[in-house]
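Student: The structure's right below; bear with me while I get my questions together.
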Protein chains: 2
Amino acid sequence: MDLGIEFKAGVPLRRQLEHALRGAIRSGRLASGSVLPSSRDLAEELGVSRGVVVDSYAQLATEGYLAARRGSGTRVAELSQPGGPPARRQIPPPETFRYDLRPGQADYHAFPRDRWKAALLRAMRELPDRRLGYASHRGVPELRNALAGYLARARGVVVEPGHVVVCCAASQGLTALWHVLRGRGARRVAVEDPGWRWQRFTAEHAGLEAVPIRVDADGLVVEELAEAGVDAVVLTPAHQYPTGVVMTPERRGALIAWARQRQALIIEDDYDVEYRFDRDPVASLQGLAPDLVAFVGTTSKTLAPALRLAWIVPPSHLIDDVEHEFLVTGVTPPTIDQIALASFIEDAALERHLRSMRRRYRAKRDVLIGALARQLPEVRVSGTAAGLHLFARLPDGVEERATALRARRSGVGLHELHRHCTTVAPSPQALLLGYALATESELIAATRLLAGAVYPS
Amino acid sequence: MDLGIEFKAGVPLRRQLEHALRGAIRSGRLASGSVLPSSRDLAEELGVSRGVVVDSYAQLATEGYLAARRGSGTRVAELSQPGGPPARRQIPPPETFRYDLRPGQADYHAFPRDRWKAALLRAMRELPDRRLGYASHRGVPELRNALAGYLARARGVVVEPGHVVVCCAASQGLTALWHVLRGRGARRVAVEDPGWRWQRFTAEHAGLEAVPIRVDADGLVVEELAEAGVDAVVLTPAHQYPTGVVMTPERRGALIAWARQRQALIIEDDYDVEYRFDRDPVASLQGLAPDLVAFVGTTSKTLAPALRLAWIVPPSHLIDDVEHEFLVTGVTPPTIDQIALASFIEDAALERHLRSMRRRYRAKRDVLIGALARQLPEVRVSGTAAGLHLFARLPDGVEERATALRARRSGVGLHELHRHCTTVAPSPQALLLGYALATESELIAATRLLAGAVYPS
C-alpha cells in the first residue's frame, strides 16, 4: 500500500501515519470498503513498530475513517464520499488607489499609536486574572462609565452608564436594534436616500422592509416619513451622510413630534460628528428626546475602523431587549481593548486627538477646496464645514458614473453619489471626495487628475 | 433665571452655559414655551459677555432646544417632553464564589500574558498605517492562513485559508450559520439535550425551531434525528458538552449518512477538544465530510473568553452566504488582535500552551477525582479523560437542584445538570464540576463542602 509517506523528525510517527491515512481515504486513493494491510504487514512496509500501526488504525476507527470487524480485518469505512478539497478560490486583493479619496476613511497615518499601545499595555498589566473569563455582554463597566461621561460632555447625550451597550461596529448596533423592533412587530422602517448603505443592508438583513426617504437641503424630509407608515427611522441628523447637510431645528422638532405621535423609534447614527470645523458640533437629537431616540456611535471615524469599537444608547424601554440580543450572539469587543478605550477616554487622550485631528482635517479640506476652485471652478462644493469628505456637484452635462470611472482609472479612488442612493437616477450628479487619508500634496495631484476625468480630452 | 450654574475654569463659558440650559430644559425647570431672558439680561445676571449668551442661544436653537422668533424673543421649544433621566438601574455584580467550580471556565491564572502581550505589541509595531482602515469581514489573511494550518494539523480539518471565517465567538458563528439556513428555507434544526444552551438560544434567535435530541452513552442519538424532520443539527461529537461522551464511530457514520441523504447541515462545535488527556483528540467530523459539516472553534477554552476570537469553516456551498452575513453586520475582531493570534499560532505558542495546560488540567482532574473518591465515594464520574469539568452522577435519592443550591450557599460554584437540559426532569441527577480555574487545594476544600451539600447534617 503506497501512502506516499515520508516520515519527518520531530512529529510522532503515529500522528504522521494517521495524517497520511486520512489523506489517502479522503482523496479516494484508499477506496470505501477496501481492506487495509494487517498491522504487522504495514509496520514492516513502513519500517515502524507494529504498535504505531495498531494505534493509528484504532484512532482512525474511532474517528470513523476505518471500520474494524472481527475476522475480516480493517476496512475503509463506507461513509466517506471521496473527493478532493474544495476548489481553491482566489481572495481578490483589496482595491488600492494611488490617491485614495474614497469617503468614510480617516487619516490612519495620524492614528495615535503610542498612546493606544500604552493604553493596551496598561489594560494587559492591570486586568485581574479572573477578568480573562466571560465579560458582560453589555460591555465592561470601565468603558460604559467612560462613554457615558464622554457622550454627555461632547454630544449632549442623556445617559447613565447602565444604558450604554458596547459593540464592535455601528452596523452591529443597527442590526441589534432592527432585530428588537422586528421582534416587537415592526415591518417597515425608513432609511435615508442618499444614505449610508448599511442602514438599508442591516434593516433588510433583519427581515424589515427599508423605505428610502428623501434628503433635501434641510435634512431628511420628515413629511414623507409620515406618509411612509414606518415604525422607525435611522438617520444622521447632525451631519448627513453623504450630503453633509445639517438637519434644521424645524425638521428636528417635526421628527420628534412624528416619533412621539406614532410611538416610533428614531435611530441617530452619530458617525463623524466630532469633526465640525466652523463651530461646536450640533448636540445629539437623543438629548432632546431620550425616550424616543437610540444613539449609535463608533471609533471608526475618530480613531480607526481596525479597532472595532462602537456603542449604542437605546431608550430605556428597549434596553432589556437590546441586551438580550447581545447576550445571545455573544459579540462584544475583547475585554482588553474595551479597557484600553476606557482609559484612553478617561485620560482625555481621545479629546486631545480629536482637537489635533480637527486642525489637520480642516487644513486638508481647505487644500482640496482650493485645488478644486483652481482646477474645476465649475464644481460646486456643498455641505457644512465638517466631516471627512466633500460633496462635489458636477457641472451641468457631466455624468458622475463616467467621470468616477475615468478618475479611478487614472488612480484616484472616489465615490459617485449614486452608490449611496437607493432610488435610481438622483437628480444631482455629484462626487464624494474624501480628504482625510491623502496628504495635502496628494490632494492637489489628485484634483489635477480629477479635472482630466471631468473634462476628458 | 436661576440655572444653578457655577462656572469652572478650563472649559469654555459658552459650553458650560449650553450644558446648563440643556439640563434646565430637559428637567422641566425651563418649561416648554416659556420665554428666556434677553441675551443682554442673562449676560449681566451671569457676569459673562453678551456674545457668550447669543452664541449659546444660537447653538441651542440649531439643536432644537430653543425657538427664536422675530419680535417675540427666544422661547423653549415645544417639542421637548420634560422628564428626568431614566431610572437608575443597578448593574448587579457578577456571581462570585469562594471556590469556583462552574463548568466552561479555563485556568485564567495560566493565561500566557507575556507571550500574548508580545504578540500584540508586534502586531501594533508591524501593522502598516493603511491596515488601520476597514479589514475584510472574513478576517485578516494572516489569521486565516494560520488557522487553516493549525486546524488541518491539530484537528484533521479539510480546509484552505479562503474558507476560514474569523469571528468573535462561537455563538456568533452559530448565529450566522442559522441565519444562512433560515434564508435557505430551514425551519427546524436539532440541538443536543443536554447540551450547550447557546445551541438553542442562537437557533431560536434566528427564527428557527430548536428540536432537542437525546444524548446517550454513544453520543447524540442519530436515529431520533431522522424522525425529527430537521434541516440541520449542531453537536459536540468529539467531547459532548456537558456529558463528556465521545460519539462512537458507528454514530459518526450514521450521522454523516443521514446528512448526506437529507442534504442537511451538520454543525460541529469543537469547543474544548484540544484537552484530551489519555490519547490524541478524536479528529474532526468535518474531515470525514467537508461538504456536509460546518466546523466551529474558539479560543475561549484554550486561551481566554476575554479575547473574543473564534472561527468557522463552512462547507464550500455555504461560504458566500456566510460571508454575506458577516459583511452586513460588520462584526469581526479587531485587526490587531487577529494578527496577534496569527503570530501566536505560527510561532507555535498556542500548541506549546496547550501542551502545558494538558498537564496542568490532567493533574487537577486527578486531584478532584481523588478528592471525590475519598469524600463522596458514591458519586460516579463518567465521561472521557478530557475537557475542563467532570460529569458527576449523584447517589440514588440525592436531588441535584437542592444539592447544588446547598453547595452554592456554602461557597462552591457549580452547575446542576438540568441547567443544560431542554426537556424537563432528566433521569440522572448529576453535577458538573469544573476543575480548570480552582487550584488543587481549592478543589480539595471544595469537595469537602460539596460532601456536606450532598449529605446535609
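Student: I'd like to know if the stretch B:280-293 contains one or more residues that are in contact (Cβ under 8 Å) with a residue 60 or more places away in the chain, surrounded by fewer than 24 Cβ atoms within 10 Å (Cβ to Cβ), assigned to a helix (DSSP H, G or I) and within 10 Å of chain A (Cβ to nearest Cβ).
Tutor: Checked the stretch B:280-293: no residue is in contact (Cβ under 8 Å) with a residue 60 or more places away in the chain, surrounded by fewer than 24 Cβ atoms within 10 Å (Cβ to Cβ), assigned to a helix (DSSP H, G or I) and within 10 Å of chain A (Cβ to nearest Cβ).
Student: Residues of the stretch A:142-181 being more than 25 Å from B:Leu309 (Cα to Cα) and away from chain B (no Cβ under 11 Å), which ones?
Tutor: The answer is A:Gly149, A:Tyr150, A:Leu151, A:Val180, A:Leu181.
Student: I've got another one for you. Tally up the residues in the stretch A:115-159 that are more than 30 Å from A:Pro237 (Cα to Cα), free of Cβ contacts under 8 Å to residues at least 60 places away in the same chain and among the aliphatic types (A, V, I, L, M), please.
Tutor: 2
Here is a yes/no grid of residues against (1) at pLDDT below 95; (2) within 21 Å of A:Thr298 (Cβ to Cβ):
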{"site": "A:Gly133", "(1), (2)": "yes, no"}
{"site": "A:His137", "(1), (2)": "yes, yes"}
{"site": "A:Leu147", "(1), (2)": "no, yes"}
{"site": "A:Gly156", "(1), (2)": "yes, yes"}
{"site": "A:Val164", "(1), (2)": "no, yes"}
{"site": "A:Cys167", "(1), (2)": "no, yes"}
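Student: B:Gln261 passes all but one of (1) open to solvent by 40 Å² or more (accessible area, probe 1.4 Å); (2) in contact with a strand residue (DSSP E or B) (Cβ under 7 Å, 6 or more places away or on another chain); (3) of a type in the set (S, T, N, Q); which number fails?
Tutor: Status for B:Gln261: all satisfied but (2).
Student: Is it the case, given these coordinates, that B:Ser39 is surrounded by 16 or more Cβ atoms within 10 Å (Cβ to Cβ), touching a Lys or Arg at 6+ places or on another chain (Cβ under 8 Å) and within 11 Å of chain A (Cβ to nearest Cβ)?
Tutor: On the way: surrounded by 16 or more Cβ atoms within 10 Å (Cβ to Cβ): yes; touching a Lys or Arg at 6+ places or on another chain (Cβ under 8 Å): yes; within 11 Å of chain A (Cβ to nearest Cβ): no.
When the stated conditions are applied, B:Ser39 does not pass them.
Student: Let me ask something additional. Of the numbered conditions (1) crowded, with 24+ Cβ neighbours inside 10 Å; (2) among the hydrophobic types (A, V, I, L, M, F, W, C); (3) within 13 Å of chain A (Cβ to nearest Cβ), B:Ile267 satisfies every one except a single condition; which is it?
Tutor: Exception for B:Ile267: condition (3).
Student: For the stretch B:411-423, does any single residue satisfy the condition of being part of a loop (DSSP other than H, G, I, E, B) and free of Cβ contacts under 8 Å to residues at least 40 places away in the same chain?
Tutor: Going residue by residue through the stretch B:411-423, those that are part of a loop (DSSP other than H, G, I, E, B) are B:411, B:414, B:421-423.
Within this subset, residues satisfying the condition of being free of Cβ contacts under 8 Å to residues at least 40 places away in the same chain are none.
Scanning the stretch B:411-423 turns up no residue that is part of a loop (DSSP other than H, G, I, E, B) and free of Cβ contacts under 8 Å to residues at least 40 places away in the same chain.
Student: In the stretch A:111-141, what residues are outside any loop (DSSP other than H, G, I, E, B), open to solvent by less than 20 Å² (accessible area, probe 1.4 Å) and more than 9 Å from every other protein chain (Cβ to nearest Cβ)? Talk me through it step by step, then tell me what you get.
Tutor: In the first step, residues of the stretch A:111-141 are kept if they are outside any loop (DSSP other than H, G, I, E, B); the result is A:113-126, A:129-132, A:141.
Imposing the further condition that a residue be open to solvent by less than 20 Å² (accessible area, probe 1.4 Å) reduces the set to A:116, A:119-120, A:123-124, A:132.
Those that are outside any loop (DSSP other than H, G, I, E, B), open to solvent by less than 20 Å² (accessible area, probe 1.4 Å) and more than 9 Å from every other protein chain (Cβ to nearest Cβ): A:Ala119, A:Ala123.
Student: Check the stretch A:246-257 and report whether any residue there is open to solvent by 20 Å² or more (accessible area, probe 1.4 Å), out of contact with any Cys (no Cβ under 9 Å at 6 or more places or on another chain) and assigned to a loop (DSSP other than H, G, I, E, B).
Tutor: yes
Student: Let me ask something else. So which residues in the stretch B:266-293 are over 24 Å from A:Ala67 (Cα atoms) and not charged (D, E, K, R)?
Tutor: Within the stretch B:266-293, B:Tyr271, B:Tyr275, B:Phe277 meet the criteria.
Student: Same structure, new question: What number of residues in the stretch A:192-244 are more than 18 Å from A:Ser284 (Cβ to Cβ), in contact with a Leu (Cβ under 8 Å, 6 or more places away or on another chain) and assigned to a strand (DSSP E or B)?
Tutor: Qualifying residue count for the region: 2.
Student: Give the number of residues within the stretch A:98-110 that are over 19 Å from A:His353 (Cα atoms), at the interface with chain B (Cβ under 10 Å from one of its Cβ atoms) and open to solvent by less than 50 Å² (accessible area, probe 1.4 Å). Full working, then the answer.
Tutor: Residues of the stretch A:98-110 that are over 19 Å from A:His353 (Cα atoms), as a first pass: A:98-103.
Restricting the remaining residues to those that are at the interface with chain B (Cβ under 10 Å from one of its Cβ atoms) gives A:100, A:102.
Imposing the further condition that a residue be open to solvent by less than 50 Å² (accessible area, probe 1.4 Å) reduces the set to A:100.
The total comes to 1.
Student: Considering only residues that are open to solvent by less than 20 Å² (accessible area, probe 1.4 Å) and in contact with a strand residue (DSSP E or B) (Cβ under 8 Å, 6 or more places away or on another chain), which ones fall in the stretch B:62-72? Walk me through it before giving the result.
Tutor: The first filter runs over the stretch B:62-72 and keeps only residues open to solvent by less than 20 Å² (accessible area, probe 1.4 Å), leaving B:63-66.
Correct list: B:Tyr65, B:Leu66.
Student: Looking at the stretch B:239-264 only, could you name the residues that are among the hydroxyl-bearing types (Ser, Thr, Tyr) and facing chain A (nearest Cβ under 9 Å)? First the steps, then the outcome.
Tutor: Within the stretch B:239-264, the first condition is being among the hydroxyl-bearing types (Ser, Thr, Tyr), and the residues that meet it are B:241, B:243, B:248.
Once the filter is applied, which keeps residues that are among the hydroxyl-bearing types (Ser, Thr, Tyr) and facing chain A (nearest Cβ under 9 Å), the stretch B:239-264 yields only B:Thr248.
Student: List the helices (runs of 4 or more DSSP H) that sit entirely inside the stretch B:1-102 and contain at least 2 residues that are under 23 Å from A:Ile256 (Cβ atoms) and at pLDDT 85 or above. Working first, answer last.
Tutor: Working: elements: B:13-27, B:39-46, B:50-63.
Those helices (runs of 4 or more DSSP H) span B:13-27, B:50-63.
Student: Can you tell me which residue among A:Ala436, A:Ala446 is modelled with pLDDT of 95 or more and part of a helix (DSSP H, G or I)?
Tutor: Values: A:Ala436 fails: part of a helix (DSSP H, G or I).
Answer to the selection: A:Ala446.
Student: Now for a different question. I'd like to check something: does the stretch B:402-411 contain any residue that is more than 16 Å from B:Tyr99 (Cα to Cα) and either in contact with a helix residue (DSSP H, G or I) (Cβ under 9 Å, 6 or more places away or on another chain) or not β-branched (Val, Ile, Thr) (or both)? If you could, list the steps in order and put the result at the bottom.
Tutor: The initial filter retains those residues of the stretch B:402-411 that are more than 16 Å from B:Tyr99 (Cα to Cα), namely B:402.
Filter once more, so that each one left must be either in contact with a helix residue (DSSP H, G or I) (Cβ under 9 Å, 6 or more places away or on another chain) or not β-branched (Val, Ile, Thr) (or both): B:402.
Yes, some residue in the stretch B:402-411 is more than 16 Å from B:Tyr99 (Cα to Cα) and either in contact with a helix residue (DSSP H, G or I) (Cβ under 9 Å, 6 or more places away or on another chain) or not β-branched (Val, Ile, Thr) (or both).
Student: Further question: Take B:Phe326 and tell me if it is among the aromatic types (Phe, Trp, Tyr) and farther than 30 Å from A:Ile25 by Cα.
Tutor: Working: among the aromatic types (Phe, Trp, Tyr): yes; farther than 30 Å from A:Ile25 by Cα: yes.
Judged against the criteria, B:Phe326 is a match.
Student: Is there any pair with a first residue in the stretch A:182-210 that is at the interface with chain B (Cβ under 9 Å from one of its Cβ atoms) and at positive phi and a second that is in a helix (DSSP H, G or I) and open to solvent by 10 Å² or more (accessible area, probe 1.4 Å) whose Cβ atoms are under 7 Å apart and which are 6 or more apart or on different chains, and what are they?
Tutor: Within 7 Å, the pairs are A:Gly207/A:Arg182.
Student: Answer yes or no as to whether A:Val180 is not acidic (Asp, Glu) and not in a helix (DSSP H, G or I).
Tutor: Values: not acidic (Asp, Glu): yes; not in a helix (DSSP H, G or I): no.
Judged against the criteria, A:Val180 is not a match.
Student: Take A:Glu274 and decide whether it is of a type in the set (Asp, Glu) and not in a loop (DSSP other than H, G, I, E, B). Write out each step before concluding.
Tutor: Numbers: of a type in the set (Asp, Glu): yes; not in a loop (DSSP other than H, G, I, E, B): no.
No; evaluated as a whole, the condition is false for this residue.
Student: Please specify each residue of the stretch A:149-161 satisfying the condition of being in a helix (DSSP H, G or I) and open to solvent by less than 10 Å² (accessible area, probe 1.4 Å). Show your work before the answer.
Tutor: Filtering the stretch A:149-161 for residues in a helix (DSSP H, G or I) gives A:149-155, A:161.
The answer is A:Tyr150, A:Leu151, A:Arg155.
The values are calculated or read from the model by the stated rules, or taken from the named source; none is laboratory data. Since this is a predicted model, take the numbers as computed values, not measurements. Cβ coordinates were reconstructed from backbone atoms using ideal geometry, including for glycine residues, and neighbour counts include every protein chain displayed. The area values use the complete protein model at the heavy-atom level, side chains included, leaving out ligands, DNA and RNA. Shrake-Rupley method; radii C 1.70, N 1.55, O 1.52, S 1.80 Å.
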